[in-house]
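To start, the structure under review is shown below, and the notes come after it.
Every number in this text was worked out from the coordinates using simple rules, so none of it is lab data. All of these numbers come straight from a predicted model, not from anything done at the bench. Because the Cβ atoms are built from the backbone with ideal geometry, glycine has one as well, and the counts that use them run over all protein chains shown.
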Amino acid sequence: MKSNVIRLTGCESHRSGAKGHSLPSEVAQAKAQEWGVFVDAYLVDAARVGNRYAATVYFDQSGSPDGATVATPPVREISKKGGFALLQTIDAQDHYVIASEHVTPGCD
């Protein structure tokens, strides 16, 4: 199944998966968890905007390169495990794991 995560062109992260860059440890840890569903993408530095997230993506099944900046379609959190969150699209077709969230100082 292909992910329907939306790639924001021209917005690649400095944490790119290009040669010379390593996979973020939080992605490796999240990937090691047993989620019970096919995970369409792993999200790093995920920032919530309503019921969507903007994030740096890894292992995206829609073909976005590792380190690209993407936006999810509307999602809901369905479980947490090992400090990570599993998201499901509202239409229940795709699943994403938040490996790390973006934290803005002074905001709750």
### Message
Can you give the local net charge around residue 46? Use residues other than it whose beta-carbon is closer than 12 angstrom to its beta-carbon, Lys and Arg +1, Asp and Glu -1.
### Response
-2
### Task
Take 79, 25 and order them by how many other Cβ atoms sit within 10 Å, fewest up front.
25, 79
### Three-way shape call for the range 49-105 based on the alpha-carbon gyration tensor, with the a/c threshold at 1.5
rounded
### Summary
For the pair residue 28 and residue 47, the simple spin-label estimate (label points 7 Å beyond Cα toward Cβ) gives in nm 2.8 nm
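Test of understanding: what is the full-extension gain from residue 35 to residue 91, defined as 0.36 nm times their sequence separation minus their Cα-Cα distance?
Details: separation 56, 0.36 × 56 = 20.16 nm, distance 1.84 nm.
Length gained, residue 35 through residue 91: 18.3 nm.
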### Query
Which whole-Hz couplings ³J(HN,Hα) result when phi for each residue of the range 35-48 is put into the Karplus expression 6.51 cos²θ - 1.76 cosθ + 1.60, θ = phi - 60°, listed in order with x for Gly and Pro?
8, x, 9, 6, 8, 7, 5, 10, 10, 10, 6, 5, 10, 7
### Summary
Net charge (Lys, Arg +1; Asp, Glu -1) of residues whose beta-carbon lies under 14 Å from that of residue 32, residue 32 excluded, is 0
